[in-house]
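What follows is one structure encoded as C-alpha cells, with my remarks underneath.
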Amino acid sequence: MSRYNWQFETKLVSPSHLVHSEMGEVNPAIHYSSTFHQKQFDTFGPFDYSRSGNPTRKVLEDVIAELEGGSKGFAFSSGMAAISSAFMLLSAGDHILISEDVYGGTFRMVTQVLSKFKISHTFVNMTDLNEVAGSIQPNTKVIYVETPSNPLLQITDIEGVVKLAQANDCLVFVDNTFMTPLYQKPLELGADIVLHSATKFLSGHSDVVAGLAVVKDEELSNKLGFIQNAFGSILGVQDCWLLLRGLKTLSVRLEQSSLSTQLIANYLNSHPLVEEVFYPGFPAHPGHSIHNRQSTGTGAVLSFRLPNREITKSFIENLTIPVFAVSLGAVESILSYPATMSHAAMPKEEREKRGITDGLLRLSVGLENAKDLIQDLDQALVQAKETTYVPLQNQ
Ligand SMILES: Cc1ncc(COP(=O)(O)O)c(C=O)c1O
C-alpha cells in the first residue's frame, strides 16, 4: 500500500525518513553540525551549511509538507519567524488585506514593522466576503487569513477568499495554528502558503517555540526557501526533534481535547455569569456551516466573556487546574487573558473595537479529565459571582 494512500494518523507515526536511512532508526538522528564536508572541489552534497539545510530539519520539513499536502515545508525559530518570513515575499509598495481578528504578534508585525518598509495593510472583517472584495486594491498582493481566528474564533470561508484572490492576482496565506492539518488543509482549498505557530498543538507539550510554513507550488517554494536562507531564522535541530516527537501524538491529543472542549463549551454556555461563548462547534455560531464544510473538527480552543475585569480577576485567581499563561495547544489546559497577553500589542481602543474586552478569556483545553475541569470552572465561577462589581472608572 503506497504511503500516499495512508490515513493522517498513520502518516503521523510512520516516519518517512526511514526510506532514506541506512540505520533504520525509528527516530531521526539529531545532526548537530553547522557545516558539511564537501567531498568534491566543484560539487556540493545535499547539505552544505545548516542555515541553508540540515538533515534533521529536513525530516521535519518533509513531514509537515506531507501532512499539509504541499510541495515543500520550512521550519522556523517561531511562529512569528515563519509569518514574518512569508511577508518578506512582498516588496515596498505592496498591500496586505488581513483579518481584523488576528493574533496580536501578527498585528504588531504588520502595523509596526512592515509599515516601515512601505508595505501597507487594511484590516477587514474577513468573515464578510463583500467587505473583502471591496477592500482589494490594485497593489494588494496577499490576503492573510486566520481561521478560526485568535481570540474570537471567527470563521473565514477559505475557498471564498481564494476565489477573490485568484481573480485579483494575489496570494492567500492561512494561519492554520488552531486547526492543524488534522482538521483543516488550506492548501487543498486553494491557499498558497499555510503558516503555523508549531509552539502550539503540533508540538503539544509547551516545550518548544517553533514555526512552520508549507507552500503549495514549487516556484513559490523556491522563493520562500531563498528568504529562509537569507533571513536565517531557522529552527535548531534539538527543537526539530522535539517537534517531530510531539507531532506523533497530534491526532490523539487533539481529538481528546476537542471532545472535552465541546463539553466545556456547553457548560459555559449554560452558566448565567458567562455572557458569551465563542466556539465554532455551536450550531448558532455564525461561521458554523462554513467551518463544517472546510474543517473536520472544531478544535480545542474557545473564548468566553465574563461581565467585567473584577469578576474575571477573581475567577482566574480561584481556578486550580488550568495554567494561567500565554500560549495554547498543550497537554495542560491553558487559560489566557488576551487583553494583557496575546493581544497586548494591540492598543486598547483597537482591542475593544474588535470585542477583546477586559472580561474576555481564552481557554485551550488540554488532556485533564473534562469533569475535573468543569468542576474547577464551576467553583471558580461561584466564587467570582460573589465578587462585588466595581465600575472601572471608580477604581
Ligand atoms: C494564531 C497564532 N499565530 C501565530 C502565533 C505566533 O507564534 P509563536 O508564538 O510561535 O511565534 C501565535 C502565538 O500565540 C498564534 O496564536
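Just so you know, all these numbers are worked out from the coordinates, no wet-lab data involved. On a predicted model such as this, the values are computed, not experimentally measured, just so you know. Using ideal geometry, Cβ is built from the backbone for each residue, glycine included, and neighbour counts are taken over all protein chains shown.
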I'd like to know which of F324, S336, G366 lies farthest towards the positive end of the charge dipole of region 307-395, counting +1 on Cβ of Lys and Arg and -1 on Cβ of Asp and Glu.
S336
Please report the relative contact order for the chain, taking Cα pairs under 8 Å with a sequence separation of at least 6, and give it as a percent rounded to a whole number.
17
Rounded, prolate or oblate: which fits region 314-395 when a ≥ b ≥ c are the square roots of the eigenvalues of the alpha-carbon gyration tensor, with rounded for a/c under 1.5 and prolate only if a/b beats b/c?
oblate
Cα centre as origin, Lys/Arg/Asp/Glu Cβ charges: the chain dipole, Debye:
420
Just to be sure I understand the model, the point goes 7 Å from the Cα along the line to the Cβ. What's the resulting A230 to D207 distance in nm?
3.7
Explain nothing, just the number: relative contact order of region 250-387, from Cα pairs under 8 Å at least 6 residues apart, as a whole percent.
29
Sorted by chain and then number, the residues having a modelled amide H within less than 5 Å of the amide H of H121, at least 5 places away or on another chain, are I96
Please list, ordered by chain and number, the residues whose modelled amide H lies under 5 Å from the amide H of G211; skip anything fewer than 5 residues away on the same chain.
F76, S77, S78, G79, A198
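What value does the chain have for Rg/Rh, both radii from Cα atoms and Rh as Kirkwood defines it?
0.98
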Work out from phi, with θ = phi - 60° and the Karplus expression 6.51 cos²θ - 1.76 cosθ + 1.60, the ³J(HN,Hα) of each residue of region 148-154, listed in order in whole Hz, and give x for Gly and Pro.
x, 8, 10, x, 8, 6, 6
For K313, which aspartates and glutamates qualify as cross-link partners when the Cα separation must be under 14 Å and same-chain residues fewer than eight apart are set aside?
D358, E386
Here region 165-174 yields Karplus 3J(HN,Hα) values (6.51, -1.76, 1.60; θ = phi - 60°; whole Hz; Gly and Pro given as x) of 5, 5, 6, 10, 6, 10, 8, 10, 9, 10
The chain - mean residue ellipticity at 222 nm from DSSP helices (-39,500 (n - 2.57) per run, n ≥ 4, rounded to 500)
-10500 deg cm²/dmol
In nm, to one decimal, how far is the modelled label at K313 from the one at L259, with both set 7 Å along Cα→Cβ?
3.9
Nitroxide proxy distance, nm - points 7 Å out along Cα→Cβ at R3 and N292
3.6
In degrees rounded to 10, the 0-90 angle between helix 237-248 Cα long axis and the longest Cα principal axis of the chain is 60
Given charges at beta-carbon only (K, R positive; D, E negative), |dipole| of region 58-186 in Debye:
440
Proximal aspartates and glutamates to K353, defined as alpha-carbon separation beneath 15 angstrom and excluding residues fewer than eight positions away on the same chain
E100, D101
R0 of 41 Å, Cβ-Cβ distance E332-K118: FRET efficiency to nearest 0.05
0.45
Would you mind checking the tilt of helix 309-318 against the longest principal axis of the Cα atoms of the chain, expressed as 0 to 90 degrees and rounded to 10?
70
Distance between the C-alpha centers of region 307-383 and region 146-225? Whole Å please.
25
How would you order 178-190, 141-153, 360-372 from highest to lowest mean count of nearby Cβ atoms within 10 Å?
141-153, 178-190, 360-372
